[in-house]
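Asker: Here's a structure for you.
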Amino acid sequence: MRGVLFAVALAGISGARLAAQDPSAPRTLSLEDAIGQAKGASENVGIARAAVERAEGQRRQARSGYFPQLTGSATYTRTLESQFDIARDAVAQIPGRCLMPFTAQPAAVGRLDSLEAAVECVSRFGAASGGGLENLPFGRPNAYNFGLSLSQRLFDGGRTAGQSRAAGASLRGAEIGLTAAQAQLVLDVTQAYYDALLADRLVAIAEATLDQADTTLVQTQLARDVGNTSEFDLLRARVTRDNQRPVLIRRRAERDIAYVRFKQLLNLPQVAPVALTTPLGDTAAAPLQVIASLTDAPGDTTPELRAPVRQAAENVDAQRGLVGAARGERWPSLTVSSSFAQLAYPTDAFPGSDDFLTDWTVGVGLSVPLFTGGRLGGAAGVARSNLRDAELRLQQTREAAQVDARNTVLSLEAAVAAVEASAGTVEQAQRAYEIAELRYREGLSTQTELLESRLQLQQAQANRARDARDLEVARIRLALLPVLPLGVTTFGTVQTTSPAGAAVFGTGVEAVQAGVTVP
């Protein structure tokens, strides 16, 4: 018994390994798995994250004006030829007695002779004789300079404060944009997932309808062979079957397009097969954890909570900060600075500890804009106009958010009503078709009645699948509404537009992304 169990377990493990190694095996994905896969593969989310990092860098740049600026420097200079070389050559030709420092000795004998010699050296060789100028750093071949420079802005009229306020608002707007991009990705993946499921369902309906048409054709052909039906009925059955084939071809093409879009969102290879495991119409499959991580108020339709409205409000705050910065340009700027340096001019290549000299200065600078030719006035006017524009855009965005929220609620109500209205319709249509098929087979009804029952069944099945897709997408959209951009048009909508169940399948995404622009 143990040997049998071991063999069975080994066979199961081997089969699992073979399935894992089989490249043609489809990859199973639930809705949660698809959203998790798309998070790390979305270019839009990566762009939004880069915008947050850029805004953080700009905020740090703006806030740097509050802090002192300390700069260190170190330079070495090698002089190949100097203008002071001529003075050095002149000193080399001076007699040694003239290079000796003159010291008066009143008690010494011959003091008059030493005094006359010193006067002669000064008159013939100038100040270089005995003056010690050969020890000055001018023209030295080696020069070292190690320095520190410190500056601190004491007053700038509010320019730094205004720029910091604008940069902080820009950072908050970028963070809101990142959340909106993540929410949009969740909605896009949800739509693409359910569109693919809907396309699969429509293909299955088209295949079943084609099988039913084939069965009807076979039955009609048998009845024609025994003389129980006319040639007209046989032709109608054959035309009905042939007309269903292009419908199936279109359904399969629409399914392929839906899966192409789905794989594109997840950055999956287009040739890789996937199997979607979340059923269409499963209301428990909503990504609740993902929604909770993006918003604290899922489903709240308050305009002030919408991401575009909050971004527009941050833009207004940023423009107010820039207005304050523009006004500060008219005020004087007061700065204190200090410079400290250690200098060395050694005769050898490397300096010693005794060769360094200290140079240390402290200063206060005042800058006053007296005349700028209208530059400051123009900048202030631009800042005020940008603020007014931001305020109007905030009002415009708030109104659009109200309309968008109302449309979302109405769409959800319509989807719920459609699902409730279609409850039981598919079962009834299926039962009606079975009765019509039996009546036609027994010769109790016409082919027209059978075709009508088949079309009603196909229409009911397609409507039920479409209503289930619309309901799931509307529920997710309402839950993500506080962090979604405005004006998002769902893509990949599949709908039936004719009594025969013909469908029009379109792809495309139209979205208006709200952002913060700070000049």
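Asker: Filter the stretch 230-245 down to the residues that are touching a residue at least 12 places away in the same chain (Cβ under 8 Å) and touching a Lys or Arg at 6+ places or on another chain (Cβ under 8 Å) and list them by number.
Answerer: 233, 234, listed by residue number.
Asker: Which ones in the stretch 375-388 are out of contact with any helix residue (DSSP H, G or I) (no Cβ under 8 Å at 6 or more places or on another chain) and either within 28 Å of residue 154 (Cβ to Cβ) or surrounded by 14 or more Cβ atoms within 10 Å (Cβ to Cβ) (or both)?
Answerer: Once the filter is applied, which keeps residues that are out of contact with any helix residue (DSSP H, G or I) (no Cβ under 8 Å at 6 or more places or on another chain) and either within 28 Å of residue 154 (Cβ to Cβ) or surrounded by 14 or more Cβ atoms within 10 Å (Cβ to Cβ) (or both), the stretch 375-388 yields 375, 377, 378.
Asker: On the given criteria, is residue 186 among the aliphatic types (A, V, I, L, M), out of contact with any strand residue (DSSP E or B) (no Cβ under 9 Å at 6 or more places or on another chain) and either at pLDDT below 90 or closer than 30 Å to residue 79 by Cα (or both)?
Answerer: For residue 186, the condition - among the aliphatic types (A, V, I, L, M), out of contact with any strand residue (DSSP E or B) (no Cβ under 9 Å at 6 or more places or on another chain) and either at pLDDT below 90 or closer than 30 Å to residue 79 by Cα (or both) - is not met.
Asker: Let me ask something additional. What is the number of the single condition among (1) buried (at least 18 other Cβ atoms within 10 Å of the Cβ); (2) over 29 Å from the mean Cα position of the chain (by Cα) that residue 268 does not meet?
Answerer: Result: residue 268 passes all but (2).
Asker: Can you report the number of residues in the stretch 297-312 which are touching a strand residue (DSSP E or B) at 6+ places or on another chain (Cβ under 8 Å) and either over 19 Å from residue 387 (Cβ atoms) or not in a helix (DSSP H, G or I) (or both)? Break it down into steps so the answer makes sense when it comes.
Answerer: Our first condition is that a residue be touching a strand residue (DSSP E or B) at 6+ places or on another chain (Cβ under 8 Å); within the stretch 297-312, this holds for 306, 308.
From what's left, either over 19 Å from residue 387 (Cβ atoms) or not in a helix (DSSP H, G or I) (or both): 306.
Qualifying residue count, the stretch 297-312: 1.
Asker: Sort through 278, 220, 229 and tell me the only one that's part of a helix (DSSP H, G or I), β-branched (Val, Ile, Thr) and at negative phi. Show your work before the answer.
Answerer: Values: 278 fails: part of a helix (DSSP H, G or I); 229 fails: part of a helix (DSSP H, G or I).
Matching residue, one of 278, 220, 229: 220.
Asker: Still on this structure: From the list 125, 146, pick out the single residue that is surrounded by fewer than 16 Cβ atoms within 10 Å (Cβ to Cβ) and either of a type outside the set (Asp, Glu) or at pLDDT 95 or above (or both).
Answerer: Being surrounded by fewer than 16 Cβ atoms within 10 Å (Cβ to Cβ) and either of a type outside the set (Asp, Glu) or at pLDDT 95 or above (or both) holds for just one of 125, 146, which is 146.
Asker: Another question about this same structure. Among what's in the stretch 271-301 and is charged (D, E, K, R) and at pLDDT 85 or above, pick the residue that is nearest to the chain's Cα centre (by Cα).
Answerer: 296
Asker: Any residue in the stretch 37-44 that is in a helix (DSSP H, G or I) and either within 30 Å of residue 165 (Cβ to Cβ) or of a type in the set (Phe, Trp, Tyr) (or both)?
Answerer: Scanning the stretch 37-44 turns up at least one residue that is in a helix (DSSP H, G or I) and either within 30 Å of residue 165 (Cβ to Cβ) or of a type in the set (Phe, Trp, Tyr) (or both).
Asker: For residue 297, only one of the following conditions fails: (1) surrounded by fewer than 17 Cβ atoms within 10 Å (Cβ to Cβ); (2) more than 30 Å from residue 171 (Cα to Cα); (3) hydrophobic (A, V, I, L, M, F, W, C). What is its number?
Answerer: In the conditions (1) surrounded by fewer than 17 Cβ atoms within 10 Å (Cβ to Cβ); (2) more than 30 Å from residue 171 (Cα to Cα); (3) hydrophobic (A, V, I, L, M, F, W, C), residue 297 misses (2) alone.
Asker: Pick out the one residue from 292, 275 that is in contact with a Pro (Cβ under 6 Å, 6 or more places away or on another chain) and either aromatic (Phe, Trp, Tyr) or surrounded by fewer than 19 Cβ atoms within 10 Å (Cβ to Cβ) (or both).
Answerer: Sole residue among the options that is in contact with a Pro (Cβ under 6 Å, 6 or more places away or on another chain) and either aromatic (Phe, Trp, Tyr) or surrounded by fewer than 19 Cβ atoms within 10 Å (Cβ to Cβ) (or both): 275.
Asker: Looking at the stretch 314-335, can you tell me whether even one residue there is touching a Lys or Arg at 6+ places or on another chain (Cβ under 9 Å), crowded, with 17+ Cβ neighbours inside 10 Å and at pLDDT below 90?
Answerer: For the stretch 314-335, residues touching a Lys or Arg at 6+ places or on another chain (Cβ under 9 Å), crowded, with 17+ Cβ neighbours inside 10 Å and at pLDDT below 90: absent.
Asker: Examine the stretch 399-414 for a residue that is among the acidic types (Asp, Glu), at pLDDT 85 or above, buried (at least 17 other Cβ atoms within 10 Å of the Cβ) and in a helix (DSSP H, G or I), and state whether such a residue exists.
Answerer: Yes, the stretch 399-414 contains a residue that is among the acidic types (Asp, Glu), at pLDDT 85 or above, buried (at least 17 other Cβ atoms within 10 Å of the Cβ) and in a helix (DSSP H, G or I).
Asker: Go through the stretch 224-267 and give me each residue that's modelled with pLDDT of 90 or more and among the hydroxyl-bearing types (Ser, Thr, Tyr).
Answerer: 259
Asker: Residues 342, 319: which one is more than 30 Å from residue 479 (Cβ to Cβ), polar (S, T, N, Q) and part of a helix (DSSP H, G or I)?
Answerer: 319
The values are calculated or read from the model by the stated rules, or taken from the named source; none is laboratory data. Computed from a predicted model, the values in this text were never measured in an experiment. Neighbour counts are summed over all protein chains in view; Cβ atoms, including those assigned to glycine, are modelled from backbone coordinates with ideal geometry.
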